[in-house]
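Okay, so here's the structure we're looking at.
The values are calculated or read from the model by the stated rules, or taken from the named source; none is laboratory data. Note that the structure is a prediction, hence the values are computed from the model and not measured. Because the Cβ atoms are built from the backbone with ideal geometry, glycine has one as well, and the counts that use them run over all protein chains shown.
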């Protein structure tokens, strides 16, 4: 299972500390998805060797303008393993689910965001994972949390009906915000997301990283064209 | 009052919980118990928290790390896990919290999960991000919390700094 994190300078802890904590909490890897204006510097191989945790390079495109987002997604697609788009408005949610270069639509229900059957079907068609962000359920109280849970429940009902792919994350920005997979599954059960659904969503990050690494590796000549037995060896 | 016959006594499970915070955090047993009950009440409601119990029976915290044993009624351990996960700060200090294991007796929980000795930490001068800083380094596991100019901390490990 993987956790998607925001590291220093966007968060309070370095990638190495987050990776170390992830290992202690029973995760197999972390996806570093800092935004474009606060990129983290780190050495993925060194961290992997030291803590035995996979470190996946990623980015979260955060803007209100679909055109700008489209450019950013195109720029990052070749370099980053996982490209997420920060949702939360009608236009950005729609942009993300209609773009097959996007891997993950982050927190689609936050703020003014909403998801309906049209977006869920588009996400299914384009292979865009809808994210269940538990950070505000973990960190907020009262009315804000009630609305957050309502949003997640609604999203679950839609995703469950159409079989839209999904990811789950607690989105830690420091090593103190990590919560173990079993705790997140237990929390999910309390708020109407089945435990297996939560665990599956945490594991989905890993499957996504593995697929994208394969597609971006040398064995593909270009997207969709795999090196076969007729290619000459170099 | 005379105590209950054995078959009527409630069955308990004890959750061994690891706590972590920044080095300057002061987390007391009463504050932890209060936050735990708040979290239980907010997430599980009054009937749910009555069913779970959530009493802190052992507690220790110093230098940014600690542990606790939480007493829970048998069968309610998953709700207790969920409530524990929702504790994000205690007395305004953010805390990391993790269930290390569950046992049927306090003694077994202590022996199996809390036996590891306390980690000593010390202040060291380090070079972090090309600046000289003071870091609270935890001996033995490589974690370090680097003090920043605005009195906050950055979570780091020995991969991130050089000793000055």
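From the list B:92, B:88, which residue is within 14 Å of chain A (Cβ to nearest Cβ), closer than 21 Å to residue B:56 by Cβ, loosely packed, with under 15 Cβ neighbours inside 10 Å and modelled with pLDDT of 90 or more?
Selected residue: B:92, the only one of B:92, B:88 that is within 14 Å of chain A (Cβ to nearest Cβ), closer than 21 Å to residue B:56 by Cβ, loosely packed, with under 15 Cβ neighbours inside 10 Å and modelled with pLDDT of 90 or more.
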Query - Selection status of residue B:125, more than 13 Å from every other protein chain (Cβ to nearest Cβ), surrounded by fewer than 19 Cβ atoms within 10 Å (Cβ to Cβ) and in a strand (DSSP E or B) - result: yes
Query raised in the report: Which is within 13 Å of chain A (Cβ to nearest Cβ), assigned to a strand (DSSP E or B) and closer than 25 Å to residue A:26 by Cα, of B:83, B:154, B:68?
Result: B:154
Query - Unmet requirement for residue B:57, which otherwise passes all of (1) buried (at least 17 other Cβ atoms within 10 Å of the Cβ); (2) at pLDDT 95 or above - result: (1)
Requested in this report: Give region B:139-151 a look and list any residue that's surrounded by 15 or more Cβ atoms within 10 Å (Cβ to Cβ) and within 11 Å of chain A (Cβ to nearest Cβ), or say none.
Outcome: B:142, B:143, B:144, B:145, B:146, B:148
Query raised in the report: Can you find even one residue in region A:42-52 that is surrounded by fewer than 23 Cβ atoms within 10 Å (Cβ to Cβ), under 17 Å from the mean Cα position of the chain (by Cα), without any contact (Cβ under 8 Å) to a residue 60 or more places away in the chain and not in a strand (DSSP E or B)?
Result: no
**Report entry** Search result, residues across region A:24-58 that are farther than 20 Å from residue A:79 by Cα and away from every other protein chain (no Cβ under 11 Å)
**Finding:** A:27, A:28, A:52, A:53
Query raised in the report: Restricting to helices (runs of 4 or more DSSP H) lying wholly in region A:86-158: which have 2 or more residues that are under 14 Å from the mean Cα position of the chain (by Cα)?
Result: A:90-97
Report task. Could you list all residues from region B:8-34 that are under 14 Å from the mean Cα position of the chain (by Cα) and in a loop (DSSP other than H, G, I, E, B)? Result -> B:21, B:22, B:23, B:25, B:26, B:27, B:28
Query raised in the report: If only one of A:210, A:189 is within 14 Å of another protein chain (Cβ to nearest Cβ), part of a helix (DSSP H, G or I) and without any contact (Cβ under 8 Å) to a residue 24 or more places away in the chain, which one is it?
Result: A:189
